[in-house]
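**Student:** Would you mind keeping the following structure in view while I ask a few things?
The values are calculated or read from the model by the stated rules, or taken from the named source; none is laboratory data. Being a predicted model, the structure only gives us computed values, none of them experimental. Neighbour counts are summed over all protein chains in view; Cβ atoms, including those assigned to glycine, are modelled from backbone coordinates with ideal geometry.
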Amino acid sequence: MKLVSFIANGRTSWGAAVDGGIVDLGARLPEFADVRDLLAKDGLAKAKAALAGAKADHKLDAVTHLPPVPNPEKIFCVGLNYADHVVETKREKTEDPAIFIRFADSQMGHMQPMLVPPESSHLDYEGEIAIVIGKAGRRIALERAYDHVAGFSCYNDGSIRDLQWATTQWTTGKNFPATGAFGPWLTTVDDVPADTRLTLITRLNGVEMQRATTDMMVHSIPRLIAFISVFTPLAPGDVIVTGTPGGVGGRKSPPLWMKDGDIVEIEVDKVGVLRTPVKNERA
C-alpha cells in the first residue's frame, strides 16, 4: 500500500494512493484517526482489506498533501551516513551513528512549497530515505530490526547551512518551518520488503545532484534502529531519516543553494518521487 495523508474539501483524512487517485480510508475506517493511529493499532491488514475493490475518491493532484505521518512522536535524522558525504564535509566516520532531531511542525508534504526564510538564502537540499516504525520496541536486536519497519518514504532534509554550521549543534539549521519535505506517501513493506536494496536520487530543476543505494550507508538501517532504540523507545509512526549522500549544494564550488522558483525531486525506486517547489517565505 501507499499510505497518504491529505486535506480535501476542508477535511483532513488519510488513505491509499491508487492509479492516480486516493481512496479515502479515513472515511471508511473511522476507528483510525490517522496513519500513526493505524500503525499503533496494528491496522494495516484492515486497511488493505478496505482498499480491495475500492475506487478513488480524490485525484492525487486535487488534494493538499501532508507528510505521510503528519504527527510523529519522534523524528530522528542521521548525519554523515554515506562515505562520500563524510569526505565532502571533511569529517570522519563515526563509530556510532550521528543523530539529531527534527520537529514535526518543520515538515511539509508532497507538492507543498519548501520555504527560503528571510533570515538566510543558504537553503540546501539533502535527499534521503525515510523509514517509518510500525511496531514499538526498546533495545531492539539487530537481527529483528526489520520486523519493526512499517515502510519507506522519500525525504528532503532541507538545511539552512549558515545557521547549521554556526555551532557544533545542528538543531537551528534543521528546523525552520516547511524545510523538511516528506512523502509523497508511505510505501508499506507488503509492497517493498524491508531488506530491499533501494536507490536514492536527488534532482534540482531536472538535473541529477545525488545518487546512492542503501548498501552504501555507513550505518545500515537495522543498525540505526538497534542503536536508536537503546537510548529511547521507538513507537509506531516514529520516523528515521537515514542520511544524505555526497553532492549537497553547500559543498559545491561555488555553493548551489535552492532558490525561489526551483523544483526539487527526491526519488526512491520502488517507493515514489517527492516533488516540491521552492518559494521565498514572506517575513
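**Student:** Of all strands (runs of 3 or more DSSP E) completely enclosed by segment 177-283, which ones contain at least 2 residues that are surrounded by fewer than 21 Cβ atoms within 10 Å (Cβ to Cβ) and either of a type outside the set (Gly, Ala, Ser) or modelled with pLDDT of 95 or more (or both)?
**Tutor:** 199-204, 207-213, 263-268, 272-280
**Student:** I would also like to ask the following. Considering LYS48, LYS59, which residue is farther than 16 Å from GLY10 by Cα and basic (Lys, Arg)?
**Tutor:** It is LYS48.
**Student:** Checking LYS93 against (1) at positive phi; (2) surrounded by fewer than 16 Cβ atoms within 10 Å (Cβ to Cβ); (3) touching a residue at least 60 places away in the same chain (Cβ under 8 Å), which single condition isn't satisfied?
**Tutor:** (1)
**Student:** A follow-up question, please. Scanning for something over 22 Å from the mean Cα position of the chain (by Cα), surrounded by fewer than 18 Cβ atoms within 10 Å (Cβ to Cβ) and not in a loop (DSSP other than H, G, I, E, B), does segment 30-45 turn up at least one residue?
**Tutor:** Checking segment 30-45: at least one residue is over 22 Å from the mean Cα position of the chain (by Cα), surrounded by fewer than 18 Cβ atoms within 10 Å (Cβ to Cβ) and not in a loop (DSSP other than H, G, I, E, B).
**Student:** Out of segment 1-18, which residues are free of Cβ contacts under 8 Å to residues at least 24 places away in the same chain and charged (D, E, K, R)?
**Tutor:** Correct list: ARG11 only.
**Student:** Determine whether segment 70-81 contains at least one residue that is closer than 23 Å to ASP262 by Cβ, touching a strand residue (DSSP E or B) at 6+ places or on another chain (Cβ under 6 Å) and crowded, with 23+ Cβ neighbours inside 10 Å.
**Tutor:** Within segment 70-81, one or more residues are closer than 23 Å to ASP262 by Cβ, touching a strand residue (DSSP E or B) at 6+ places or on another chain (Cβ under 6 Å) and crowded, with 23+ Cβ neighbours inside 10 Å.
**Student:** Determine whether segment 7-20 contains at least one residue that is assigned to a strand (DSSP E or B), of a type in the set (A, V, I, L, M) and more than 30 Å from ARG211 (Cβ to Cβ).
**Tutor:** Yes; the residues of segment 7-20 include at least one that is assigned to a strand (DSSP E or B), of a type in the set (A, V, I, L, M) and more than 30 Å from ARG211 (Cβ to Cβ).
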